[in-house]
Amino acid sequence: MPSIPPIPIEMVAAIFFLPLVSLLLITFVTRTAPKISGYLTITTIGLSFILSLWTFQTMTTMPGKHLGGVFNWIVIGETDLQLGIYVDGLTSIMLLVVTSVSLLVQIYSTAYLHGDPGYSRFFAYMSLFTASMLGVVLADNLLMIFIFWELVGVCSYLLIGFWFQKPEAAAAAKKAFVVTRFGDLGFLMAILLLFSRTGTLDFQHLFEIVDSPEKAAVLGGGLLTWAAIGIFSGAVGKSAQFPLHVWLPDAMEGPTPVSALIHAATMVAAGVYLVARSFPLFEQAPQALFTVAVIGTITAFVGASMGLVMHDFKRVLAYSTISQLGLMMMGLGVGGVVAGIFHLFNHAFFKAMMFLCAGSAHHATHTYDIRKMGGLARYMPITFSAMMIGGLSISGIFPFSGFWSKDEILGEALGNGYNISYIFALITAFMTAFYMFRLTFVAFLGEYRGGEHAEGERWSGSPGHHSLHESPAAMAIPLIVLAIPSVVSGFANMNGDFARFLGEAGVVKLHWDVIFTSTTVALLGILTAYLFYVAKVIPVETVARTFPHIHGFLLNKYYMDDLYGWIVEKLYLGICHLLDLFDQYVVDGVVNGIASLTTASGGVIRRLESGQVQGYALVIFVGLVAIVGGFLVFGG
């Protein structure tokens, strides 16, 4: 069998440009032909996926090396701003994740959004998002990443607010856009700081500078630490890390395919990718790396704790996503860059699958409230099986994919002395297993409890519980396909192949104590969920009544939204009101006072201009007398 030649760099660039072609064709040609728009998007992203496979195959033949291409964009004096492509093992993995999940989500969307009046618009937005995310992945410098980073944010805004007629969707889109801006401000400041000190934003040049003791002096005095924290702040916004995590649960107002692709598998993982791509900078700034570990640990715990009490299918998964992103960040922060990226890789498949399961359940029941579901397993065996696989994987049960990457993160934390992070990660693992199987047991076991027209998107779903059935093939097949990597992708690093592919040491350390402890904790979480929601040994209401303050605290999401609402409504708007009063009565008062004084003076002077020669002569005479008198009194 002939060997496959290396992929030309032009073909790598085509991975990015193909979704842009889809966007342009939908916008200017097929906008009024919805089916063609959908097929066009699927075709272009399918081609990008094939080219991504070719790229991945090429990189397997050259582990630790990279491909690249650069051209000038803007020349200002002696400064060249360049655009370029950088492809290494990390890039090729992200290309596979983005294009494969995007392709399956687009196929799913053809059935989920069938009949929606914004069908073509949806696929145009999704094409733009895919291109933007691929731009983030392929960029070889921070400026390019920031440009596509902002485009990804714009696409998130457009897709969260896709059903802009719903006030909740419009408010959620605005909230996501505003909250992530705070993180992006820090990212921009880091870019300006690095460029002002080094004169470059190219990753390879920056890495060479920080690795050289002589060159690194330009970033001394803590500047590198602040630059790394600035980069991380961008990741905090996009990857919904504490305390900027509040936008992600509200983002569930968007269509479920959007939640699966953008807010589970790709965009929210961009922050993790950014830290991993910039990791050599963080390695030289241990305080910044410690900050990543601390924020990641807090986020993992906080996200999981809120998932315990939520009743909305998608919001439970949203808090789960926050928690798992925190776990990835914790992995990077404790020094396990391979473990963090490995979990990103595995999580993308099983979390996207679970979000699509949510859409499938909603398609049948017209609701996302799990209290109005129940008994779906007998009607929707494919959806139920996929949900079980996802739950076992995210809980870290052998041999599912999440088991391998989660235990690698825990092993790195324990091995590198981050004992507190390790303990909180174990608590998070227990809560994850509990709320994920709480979700599965309540929604899929027992008897159906729902009504015929619960709140939801009006055009999807069957007319009532009497016709509950599995979703159509276009929705079911992506679940089956995603279930495969959710089971087997964890074996990718069995022999250290994944690590070597990323250019790291390929020695796999099996932490048997960690494996035993984390698996036991996960099984206890599943058992506890079974006792509460299937065996019903302990009534759930009893626990809520026993710990009302804790239950209310979690149900109100740590009161973070209330805090931010108070800051905006009382503090920020209060300051704005004071400034408005200052503007009205001080600034405008001074300006209006000067104007009034000028007008009054003009009125007085106007009376002196009588036009009578005798009057003018009298004034001149009086003036001369005054002058002569002054000389006589005060001397010459």
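The values are calculated or read from the model by the stated rules, or taken from the named source; none is laboratory data. As the structure is a computational prediction, the values presented were derived from the model and not from experiment. Here the Cβ positions follow ideal geometry from the backbone for every residue, glycine too, while neighbour counts run over all protein chains shown. In case anyone asks, the SASA skips ligands and DNA or RNA and just uses the protein heavy atoms, side chains included. Shrake-Rupley method; radii C 1.70, N 1.55, O 1.52, S 1.80 Å.
Between segment 299-316 and segment 333-350, what is the C-alpha centre distance in whole Å?
The distance from the Cα centre of segment 299-316 to that of segment 333-350 comes to 20 Å.
Between ASP562 and ILE9, what length in nm is gained on full extension when 0.36 nm per residue of separation is reduced by their alpha carbon distance? Could the numbers behind the result be given before it?
Details: separation 553, 0.36 × 553 = 199.08 nm, distance 4.98 nm.
The ASP562-ILE9 span can extend by a further 194.1 nm.
Suppose only helical runs count, i.e. DSSP H with n ≥ 4. What mean residue ellipticity at 222 nm does that imply for the chain under -39500 (n - 2.57) per run, divided by all residues and rounded to the nearest 500 deg cm²/dmol? Write down the numbers at each step before the final one.
Numbers: 27 runs with 435 residues, N = 636.
So the helix-based figure for the chain works out to -22500 deg cm²/dmol.
Residue by residue, what Karplus-based ³J(HN,Hα) values in Hz, rounded to whole numbers, does segment 378-383 have, using 6.51, -1.76 and 1.60 with θ = phi - 60° and x for Gly and Pro?
With the stated coefficients, segment 378-383 comes to 6, 9, 10, x, 5, 4 Hz.
Return the Cα extents of segment 28-99 along principal axes one, two and three, sorted largest first, each rounded to a whole Å.
48, 38, 13
At a Förster radius of 35 Å, what calculated FRET efficiency corresponds to the Cβ-Cβ distance of GLN57 and LYS509, to the nearest 0.05?
Working: r = 28 Å, r/R0 = 0.81.
So the FRET efficiency works out to roughly 0.80.
Charges only on Cβ, +1 for Lys and Arg, -1 for Asp and Glu: so what's the dipole of segment 555-636 about the Cα centre, in debye to the nearest 20?
Values: 4 positive and 7 negative charges, 97 e Å.
About 460 debye.
Step through the residues of segment 107-116 one at a time and calculate ³J(HN,Hα) from phi using the Karplus curve (6.51 cos²θ - 1.76 cosθ + 1.60, θ = phi - 60°), rounding each to whole Hz and writing x for Gly and Pro.
4, 4, 5, 4, 8, 5, 9, 4, x, 6
Work out, in µm²/s and without decimals, the Stokes-Einstein translational diffusion coefficient of segment 478-636 at 25 °C, 0.890 mPa s, Rh from Kirkwood over C-alpha pairs.
The Stokes-Einstein estimate is 90 µm²/s.
Order these peptides, 398-406, 33-41, 323-331, 542-550, by their mean beta-carbon neighbour count within 10 angstrom, highest first.
Values: 398-406: 24.4, 33-41: 20.1, 323-331: 30.8, 542-550: 11.1.
Per-residue Cβ counts within 10 Å, averaged per peptide and sorted highest first, yield 323-331, 398-406, 33-41, 542-550.
Taking square-rooted eigenvalues a ≥ b ≥ c of the alpha carbon gyration tensor, is segment 78-199 rounded, prolate or oblate, where a/c under 1.5 means rounded and, failing that, a/b exceeding b/c means prolate? Don't jump to the answer; show the numbers that get you there.
On the way: a/c = 2.99, a/b = 1.53, b/c = 1.95.
Note, shape of segment 78-199 comes out oblate.
May I ask which residue of VAL622, PHE148, ALA173 lies farthest towards the positive end of the charge dipole of the chain, with charges of +1 (Lys, Arg) and -1 (Asp, Glu) on Cβ and the Cα centre as origin?
Most positive-ward Cα: ALA173.
Can you tell me the order of 431-440, 196-205, 366-375, 587-596 when each peptide is scored by its average per-residue count of other Cβ atoms within 10 angstrom, highest first?
Values: 431-440: 26.2, 196-205: 16.5, 366-375: 20.6, 587-596: 10.6.
Output ranking for 431-440, 196-205, 366-375, 587-596: 431-440, 366-375, 196-205, 587-596.
With θ taken as phi - 60° and the coefficients 6.51, -1.76 and 1.60, list the Karplus ³J(HN,Hα) couplings across segment 198-211 in order, rounded to whole Hz; mark glycine and proline as x.
10, x, 8, 10, 5, 4, 5, 5, 5, 5, 5, 5, 6, 7
Kindly provide log₁₀ I(q)/I(0) values, in the same order as q = 0.17 Å⁻¹, from the Debye equation applied to equal alpha-carbon scatterers of segment 480-563.
Reported log10 I(q)/I(0), two decimals: -0.93.
Hey, rough spin-label estimate for VAL604 and VAL488, points 7 angstrom out along Cα→Cβ, what's it come to in nanometres?
Here the answer is 9.6 nm between the modelled labels.
Taking the solvent-accessible surface of protein heavy atoms with a 1.4 Å probe, what is the per residue accessible area of the chain in Å²?
Numbers: 27620 Å² over 636 residues.
The answer is 43 Å² per residue.
For segment 237-291, which semi-axes, largest first and in whole Å, follow from the square roots of 5 times the eigenvalues of its Cα gyration tensor?
Details: eigenvalues 147, 33, 4 Å².
Semi-axes, largest first: 27, 13, 5 Å.
Write down, largest first, the equivalent ellipsoid semi-axes of segment 1-127 in whole Å, where each equals the square root of 5 times an eigenvalue of the alpha-carbon gyration tensor. Show your work: numbers first, answer last.
Values: eigenvalues 189, 87, 25 Å².
After scaling each eigenvalue by five and taking roots: 31, 21, 11 Å.
Quick one: if you stick a label point 7 Å off each Cα along the C-beta vector at CYS576 and LYS65, how many nm between them?
5.7
Based on the mean of other Cβ atoms within 10 Å per residue, sort peptides 561-567, 616-622, 142-148, 377-383 so the most packed one is first.
Values: 561-567: 12.6, 616-622: 10.7, 142-148: 21.0, 377-383: 18.7.
Per-residue mean Cβ counts within 10 Å order the peptides as 142-148, 377-383, 561-567, 616-622.
Is segment 131-191 rounded, prolate or oblate when judged by the Cα gyration tensor, a ≥ b ≥ c being the square roots of its eigenvalues, rounded requiring a/c under 1.5 and prolate requiring a/b larger than b/c? The partial results should precede the final answer.
On the way: a/c = 5.28, a/b = 1.77, b/c = 2.99.
Since a/c reaches 1.5 but b/c is at least a/b, the shape of segment 131-191 is classed as oblate.
Under unit Cβ charges (Lys, Arg +1; Asp, Glu -1), what dipole magnitude, rounded to 20 debye, does the chain have relative to its Cα centre? Numbers along the way, then the final one.
On the way: 30 positive and 37 negative charges, 223 e Å.
In total the dipole reaches around 1060 debye.
Under the 0.36 nm per residue contour assumption, what length would be gained going from the current alpha-carbon distance of ARG449 and HIS205 to full extension? Kindly include the intermediate steps, with their values, before the conclusion.
Values: separation 244, 0.36 × 244 = 87.84 nm, distance 6.04 nm.
Between ARG449 and HIS205, full extension yields an extra 81.8 nm.
Not counting ligands, DNA or RNA, and with a 1.4 Å probe, what is GLU214's accessible surface area in Å² rounded to the nearest 10?
Probe radius 1.4 Å; accessible area of GLU214 about 140 Å².
Within the accessible area of the chain, what % is carbon and sulfur when the probe is 1.4 Å and the other protein chains stay in place? Mind showing how you got there, number by number?
Values: 19370 of 27620 Å².
Roughly 70 percent of what the probe reaches on the chain is carbon or sulfur.
For segment 509-553, what Kirkwood radius comes out of the mean inverse Cα-Cα distance, in Å? Don't skip to the answer; put the middle values down first.
On the way: mean 1/r = 0.0802 Å⁻¹.
Over segment 509-553, the inverse of the mean reciprocal pair distance is 12.5 Å.
Taking each pair of distinct Cα atoms in segment 133-267 once, what is the resulting Kirkwood hydrodynamic radius in Å? All intermediate terms of the calculation are to be shown ahead of the outcome.
Details: mean 1/r = 0.0632 Å⁻¹.
Hydrodynamic radius (Kirkwood, Cα pairs) of segment 133-267 is 15.8 Å.
Within a Cβ distance under 14 Å of THR528, other residues only, what is the Lys/Arg minus Asp/Glu net charge?
Values: positive: ARG438, LYS536; negative: none.
For residues surrounding THR528, the net value is +2.
Name the residues whose placed amide hydrogens come within less than 5 Å of the amide hydrogen of ASP369, ignoring near sequence neighbours (fewer than 5 apart) on the same chain.
For ASP369, whose amide H was placed from the backbone, the distant partners under 5 Å are PHE313.
Between ALA216 and VAL75, with labels modelled 7 Å along Cα→Cβ, what's the label distance in nm to one decimal, could you check?
So the two model labels end up 3.5 nm from each other.
Compute the FRET efficiency between ILE423 and VAL178 as 1/(1 + (r/R0)^6), taking r as their Cβ-Cβ distance and R0 = 30 Å, and round to the nearest 0.05. Write out the running numbers ahead of the final one.
Numbers: r = 35 Å, r/R0 = 1.16.
Taking R0 as 30 Å, the efficiency between ILE423 and VAL178 is 0.30.
Given the options HIS366, GLN284, MET11, identify the residue whose Cα lies farthest towards the positive end of the charge dipole of the chain (+1 on Cβ of Lys, Arg; -1 on Cβ of Asp, Glu).
Going by the Cα projections, it comes out as HIS366.
Over all directions, how big on average is the projection of the convex hull of the alpha-carbon atoms in the chain, in square nanometres?
45.4
Starting from the Cα-Cα distance between SER196 and LEU524, subtract it from 0.36 nm times their residue separation and give me the gain in nm to one decimal.
Working: separation 328, 0.36 × 328 = 118.08 nm, distance 5.30 nm.
Fully extending the segment from SER196 to LEU524 adds 112.8 nm.
Please quote Rg/Rh for segment 278-337 to two decimal places, taking the Kirkwood radius as Rh and restricting both calculations to Cα atoms.
Numbers: Rg = 13.3 Å, Rh = 11.8 Å.
The Rg/Rh ratio comes out at 1.12.
Relative contact order (percent) for the chain, with alpha-carbon contacts under 8 angstrom and 6 or more residues of separation?
On the way: 1028 pairs, mean separation 75.6, N = 636.
Relative contact order for the chain comes out at 12 percent.
Specify which residue in the list VAL29, VAL218, THR58 is farthest towards the positive end of the charge dipole of the chain, using unit charges on the beta carbon of Lys, Arg (+1) and Asp, Glu (-1), about the Cα centre.
VAL29
What are the aspartates and glutamates whose alpha-carbon lies under 14 Å from the alpha-carbon of LYS570, with same-chain residues fewer than 8 places away excluded?
ASP561, ASP562
List the extent of the Cα atoms of segment 329-448 along each of their three principal axes, largest first, rounded to whole Å.
Ordered largest first, segment 329-448 gives principal extents of 48, 23, 22 Å.
To make sure I understand the rule: partners must be lysines, Cα under 21 Å from the Cα of LYS238, and not fewer than 8 residues away in the same chain. Which ones qualify?
LYS174, LYS175, LYS314, LYS351, LYS557
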